[in-house]
Amino acid sequence: MTKSILRYFVVVLIITLLSTSLLSATLISNGLLATTKENMVSSLKLIDYAIDFHKPFSQQVKELNPLTYSQETRLSIIDKNGNVIADTDSQDISKNHIDRQEIQEALKTGIGYAQRKSETTGRNMLYTAYYHHDYIIRLSIPYNGIVDYIPALIPALSISAVVSFIIALLLSRRLAYRISKPILEIGEGLDHMTKDFRFDLKTYDYQEFNVIVDTIHNLSHRLRKSMREVRLEKLKIDEILRQMSEGFVLLDENYKILSINAQATSLLGNLKIYDSFIECSKNEKIIEALKNGAYKQMIELNIDDNIYACFISRVDLGTTLLFVDITASKKAEKMRNEFFSNVSHELKTPLTSIKGYSDLLVQDYIQDEEKKKQMLYKIQNGVNNISTLINDILMLSKIENMDNKVEMTTLKIKNMISDVLESYVGEMKQHDIHIHYDFKDILYMGDYQQIYMLFNNLIGNAIKYNKDQGHVYIDVEEVENAMKITIKDTGIGIPLADQSRIFERFYRVDKGRSRERGGTGLGLAIVKHIVSYYKGTIYLESELNIGTTIEVVLPQQSEV
């Protein structure tokens with residue numbers, strides 16, 4: 001450290017000496033220049049006094065020039081229009097000098113000066129002009145500025161600089177040692193500091209160093225306390241961030257990452273601490289939100305088929321980003337809205353019919369008993385449709401929420417299909433639907449109500465959406481510890497554009513035919529949830545006006 005301080009003093013000393021020498025040389029040079037100009041003006045006035053303006057000038061300037069300022073002077077006489085009347089150098093006598101700086105100044109103030117390179121001699125010259133008796137007398141001498149005086153200045157400046165340097169160097173060495181010794185001792189004491197910031201430092205004769213020592217001791221104590229608190233808080237924060245299911249990112253005021261948990265990394269990519277979020281993130285929507293400067297905001301993001309709410313907040317340290325998965329709530333909200341809309345629509349039609357017919361009957365507008373019976377039948381049919389719809393909604397809700405109590409029993413599938421077909425005898429006779437099933441009876445472990453509902457909806461759809469004189473083929477077989485159900489009809493079929501949506505709630509391909517046959521639009525949705533509950537698969541194949549085949553595979557269940 002002593003060498004560094006000494007080196008610093010030496011550098012400062014050298015710079016100071018050089019600056020002082022340069023300044024001194026400049027000031028002396030300027031002083032000498034001013035003296036030279038005064039001497040040249042005096043010479044010009046003497047020449048002016050000596051010239052006889054009634055005689056030719058050429059011979060006079062040649063005789064007077066050696067008697068002027070120096071041996072290298074040049075003397076010219078110029079009229080007030082800039083024409084050279086006489087000049088000791090006849091090469092330049094033809095040029096007009098009215099635009100020369102010294103001539104212009106002399107015409108205005110009586111005396112003019114200029115420094116420039118001579119076009120005639122090619123040397124740097126100092127020009128002095130004196131205007132009197134309607135003539136300008138100009139005297140010029142070679143002049144190179146401070147360079148002309150350096151030979152005279154170097155000896156004096158060098159001796160003073162060397163003496164000053166030696167004296168300052170000796171004093172600087174002593175001062176550097178006295179300054180650096182306590183600092184070196186303090187540094188050595190700090191080098192032996194323990195891991196918990198403990199060390200030994202002595203007191204000094206200079207109070208300023210004792211203040212430093214006391215301050216270091218205080219800082220050591222505060223550091224020990226702060227480090228304990230920081231370690232504890234860091235452990236808490238790290239554990240909280242690790243346990244969070246939400247993604248969290250903390251950015252500084254320049255959008256560099258200060259903290260990021262694993263969930264956020266999985267959402268945003270391979271981002272690391274101290275990365276610039278603006279430069280490294282590929283999510284333009286978040287970057288645009290950060291740049292708009294809002295204090296608090298929320299944006300929705302679609303990441304890997306999920307929907308996330310990104311809450312962006314400005315804090316003292318910078319900005320926080322919190323990513324919350326709202327996929328389930330969004331889907332639930334959408335399903336809920338669609339559900340209420342569809343239920344309202346499905347209930348409105350039969351209720352409107354019931355109200356219309358009941359109003360006619362109450363007001364006794366219909367006198368014909370046969371028509372009254374028809375209206376009562378339609379009211380009853382509407383009530384049955386509403387009851388069926390409500391029962392289907394309740395069944396679907398129970399299956400979705402696992403609310404229904406499942407009783408696994410051994411079911412005889414052939415008998416169950418016979419029970420289902422018995423409930424459709426009237427409709428089959430009305431439309432002349434032919435049923436074909438001839439398979440070996442099998443046993444399946446499952447809940448009676450669920451499996452009955454599965455067959456009822458599949459077979460019921462095959463009957464309802466069939467053509468008159470149509471056929472329905474039912475086949476059930478055991479395959480690899482599973483039950484495979486195949487229901488095929490020769491009905492109206494399903495357009496290709498609708499096949500991907502028929503398992504949605506309340507979705508109907510032919511709404512008029514569905515209501516005519518008493519469909520609620522929930523049958524296949526219930527089938528899908530039952531198949532999902534039993535971890536099975538469902539496959540559909542259909543061709544318009546040819547028919548539809550639905551194949552369901554349900555793994556065998558163990559009794560619980």
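Throughout, read-outs are computed from the coordinates displayed, never taken from laboratory work. Small disclaimer: the values here were computed from a predicted structure and weren't measured. Cβ placement follows ideal geometry from the backbone for every residue including glycine, while neighbour counts extend to all protein chains displayed.
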- Query: When averaged across all projection directions, what area in nm² does the alpha-carbon convex hull of segment 2-150 cover?
  - Reply: 10.8
- Under Karplus coefficients 6.51, -1.76 and 1.60, residue-wise ³J(HN,Hα) of segment 39-55 in Hz, glycine/proline x: 5, 5, 5, 4, 4, 5, 5, 5, 5, 4, 5, 7, 6, 9, 6, 9, 10
- Item | Packing rank of 125-135, 226-236, where each peptide gets the mean count of other beta carbons within 10 Å, highest leading | 125-135, 226-236
- Task: Using 0.36 nm per residue of separation minus the Cα-Cα distance, give me the extension gain between GLU288 and GLU72 in nm, one decimal.
- Result: 70.0 nm
- Query: What does a probe at THR410 reach in segment 520-560, counting residues whose amide N is under 16 Å from the point 7 Å along Cα→Cβ?
  - Reply: 556-560
- Note on the structure: The extension gain from LEU107 to GLN297, computed as 0.36 nm times the residue separation minus the Cα-Cα distance, is 60.6 nm
- Query: Can you give the FRET efficiency for LYS535 and LEU258, using 1/(1 + (r/R0)^6), R0 = 45 Å, r = Cβ-Cβ distance, to the nearest 0.05?
  - Reply: 0.50
- Message: List the pairs from LYS464/LYS484; LYS371/LYS464; LYS412/LYS528; LYS330/LYS535; LYS330/LYS488; LYS296/LYS528 whose alpha-carbon separation is above 32 Å, in the order I gave them.
- Response: LYS330/LYS488; LYS296/LYS528
- With charges set only on the Cβ (+1 for Lys and Arg, -1 for Asp and Glu), what does the dipole of segment 244-323 come to about its Cα centre, in debye to the nearest 20? 120
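What's the FRET efficiency of MET193 with GLU229 using the Cβ-Cβ distance as r and R₀ = 25 Å, to the nearest 0.05?
Computed FRET efficiency for MET193 and GLU229 comes out at 0.80.
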- Task: Beta carbons within 10 angstrom, averaged per residue: use that to sort the peptides 217-224, 40-47, highest first.
- Result: 40-47, 217-224
- If you take the Cα Rg of segment 405-555 and divide it by 2.2 N^0.38 Å, with N the number of residues, what do you get? 0.99
- Would you mind getting me the FRET efficiency between SER160 and ILE98? Use the beta-carbon distance for r and R0 = 56 Å, nearest 0.05. 0.70
- Note on the structure: Taking N as the number of residues in segment 244-323, the ratio of its alpha carbon radius of gyration to 2.2 N^0.38 Å works out to 0.97
- With the label point 7 Å along the Cα-to-beta-carbon line of SER245 and a cut-off under 18 Å to each amide N, the hits in segment 258-282 are 261-267
- Query: In nm, what is the difference between 0.36 nm times the number of residues separating PHE311 and GLN367 and their Cα-Cα distance?
  - Reply: 13.3 nm
- Note on the structure: Log entry: pair-distance distribution for segment 437-500, C-alpha pairs binned every 5 Å from zero, whole % per bin is 4, 14, 21, 24, 18, 11, 7, 1
- Message: Neighbour counts of other C-beta atoms within 10 Å: give me GLU543, GLU119 arranged from fewest to most.
- Response: GLU119, GLU543
- Query: Going highest first, how would you order 458-467, 54-63, 263-272, 96-105 by mean Cβ packing within 10 Å?
  - Reply: 458-467, 96-105, 263-272, 54-63
